[in-house]
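Read through the structure below, which is laid out as structure tokens, and then see the notes.
Each reported figure results from applying straightforward, stated rules to the coordinates on display, with no laboratory input. Note that the structure is a prediction, hence the values are computed from the model and not measured. Neighbour counts are summed over all protein chains in view; Cβ atoms, including those assigned to glycine, are modelled from backbone coordinates with ideal geometry.
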Amino acid sequence: MKAREDADAFPRPRWHLTPPSGWMNDPNGPIRLGSRYHLYYQLNPDEPVWGNLHWGHASSTDLLHWRHEPIALWPDEQGLIFTGSVVHDTEGTAGFGAGALVAVFTQHLAGLERQSLAWSLDGGRTWTPYRDNPVLEAPPGCRDFRDPKVLGHGAGWLMVLAVGSELWWYRSQDLRGWEFADKMTPPVPSPQSIIEVPDLVRVPVEGTGTDVWTLIYSVQPPRGTARHARQVHWIPGAVRDTGFAAMTTRGGGVVDVGTSYYAALTWDLNCAEEPIAIGWMDERTAPDGGGPRSWCGRQSIPRRLSLVQRGDALALRQRPVLPDWSPSVRVVINAGSAESVALTHGTFAARVTGGGADDRIQAIRLQLDSGPANADSTSVSLGPTALEVSSSDVSVRRERVDADAGDLMLISDYGSLEVFADAGLGVASVLTPVVGSTGCMVVENDGPDPLVFEIMFATDDAGDEQP
Ligand code: FRU
């Protein structure tokens with residue numbers, strides 16, 4: 001880690017996965033095997049710019065320390081390797097052997113998109129492309145036809161594909177032959193928006209012992225419009241033989257109102273545990289334009305998902321995966337006063353909890369200053385009705401879901417800031433100037449009750465998994 005960091009002009013985040021070198025975008029095919037989480041991702045191993053896409057591979061037992069694995073999939077005569085999913089074919093329905101892992105992914109060639117398979121019999125380490133790829137081609141004239149998410153359903157398989165502003169559903173018995181089943185248009189900000197990277201996962205409803213199928217999808221603004229945030233959306237519903245029945249009256253919306261959380265996919269832990277989502281943070285939107293470096297792109301902090309019943313509707317809660325909470329600073333900030341906290345390490349999580357009788361956080365403002373190297377500061381403000389995060393040229397806002405819900409959490413990691421307000425009910429992720437060991441945070445309590453502020457810095461060995 002150290003040698004690699006010295007070679008880079010841009011410091012590596014510690015709690016966020018970055019590529020060994022080159023370019024990273026979407027997470028691909030998250031799957032847990034035994035106690036190890038595997039994550040594939042869009043990788044250009046040659047240079048830190050989008051292009052020449054492979055599937056990179058990393059694995060981890062705690063989602064914080066990662067082991068880089070050999071590249072999983074290389075471009076071939078069928079095209080570049082775009083986003084997709086991995087299923088565990090326990091029965092061997094695809095004919096690659098019982099227990100095979102099967103990757104289902106898009107190949108992109110000269111503007112055409114088609115779906116292909118590859119299989120692994122060694123726990124996802126090495127992959128063999130299926131000799132009769134592709135298994136599903138786009139209808140003539142259909143340009144955006146990608147990002148298959150496959151899941152076991154009944155005795156067979158269900159696939160959802162992003163097709164322009166629609167989602168198309170296919171069925172299969174053997175992962176090789178696919179039959180069209182249905183299409184739907186989920187809520188999007190504009191009819192010309194393009195949907196990418198659909199995901200479908202069961203999310204537990206807190207305190208009920210039940211779960212609800214949740215569709216997660218990314219939305220890209222229409223081609224040619226002024227650049228605005230690409231965002232991840234969710235809707236609850238039910239899985240049918242032909243696809244998904246959305247229940248928009250029961251909830252849904254934007255998963256993360258920030259500008260840097262996209263293409264999210266989940267580890268589905270079979271309802272035994274909450275599913276865990278991870279998304280791509282696009283470093284091209286970083287305030288310094290990415291800076292000179294041998295790598296570009298990071299994954300978000302992984303987030304445990306649950307649903308909370310609020311009247312007739314459901315709200316989505318996201319809780320970040322962090323090391324065990326052991327703060328090195330704890331201060332009580334009285335009503336109307338402010339404290340300044342030195343940031344002695346560039347990777348940290350800060351948590352604010354209500355110190356009054358009802359745990360409520362009324363109004364707080366936190367300002368992160370990078371120190372002498374960078375005059376830009378980043379501010380987070382949580383008022384009685386809204387969360388606001390602003391940094392460099394970014395400014396995002398979200399209505400508060402529930403001012404009584406609980407804590408506010410900030411995770412800052414060498415250039416990224418993820419804010420989880422109201423105990424994870426309101427989330428905003430942005431890229432920021434790097435806050436190194438010369439920075440400081442000013443915390444101002446504008447509410448009527450005392451607040452408790454804690455901060456936990458990364459320990460120096462965080463980052464790569466120890467051999
Ligand atoms: C989303 C996306 C996917 C595509 C991949 C290509 O960021 O555009 O739709 O499969 O990236 O890298």
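See the values below:
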| quantity | calculated |
| --- | --- |
| Yes/no for Asp144 being in a loop (DSSP other than H, G, I, E, B) and either free of Cβ contacts under 8 Å to residues at least 24 places away in the same chain or within 16 Å of the ligand (Cβ to nearest atom) (or both) | yes |
| Search result, residues across the stretch 306-328 that are charged (D, E, K, R) and touching a residue at least 60 places away in the same chain (Cβ under 8 Å) | Arg310, Asp312, Arg317, Arg319 |
| Some residue of the stretch 241-250 being within 16 Å of the ligand (Cβ to nearest atom), of a type outside the set (A, V, I, L, M, F, W, C) and surrounded by 18 or more Cβ atoms within 10 Å (Cβ to Cβ) | no |
| Which numbered condition Val219 fails, given (1) within 16 Å of the ligand (Cβ to nearest atom); (2) in contact with a His (Cβ under 8 Å, 6 or more places away or on another chain); (3) in a strand (DSSP E or B); (4) within 24 Å of Gly152 (Cβ to Cβ) | (4) |
| Index of the failed condition, Ser172 passing every other in (1) closer than 21 Å to Thr266 by Cα; (2) surrounded by 20 or more Cβ atoms within 10 Å (Cβ to Cβ) | (1) |
| Filter pass, Asn52 being more than 27 Å from Phe457 (Cβ to Cβ), within 16 Å of the ligand (Cβ to nearest atom) and crowded, with 22+ Cβ neighbours inside 10 Å | no |
| Test result for Leu33, loosely packed, with under 15 Cβ neighbours inside 10 Å and touching a Ser or Thr at 6+ places or on another chain (Cβ under 9 Å) | yes |
| Sole residue being touching a helix residue (DSSP H, G or I) at 6+ places or on another chain (Cβ under 8 Å) and either touching a residue at least 12 places away in the same chain (Cβ under 8 Å) or not in a strand (DSSP E or B) (or both), chosen from Pro187, Pro139 | Pro187 |
| Hits in the stretch 73-100 (condition: under 22 Å from the mean Cα position of the chain (by Cα), within 16 Å of the ligand (Cβ to nearest atom) and among the aliphatic types (A, V, I, L, M)) | Leu73, Ile81, Val86 |
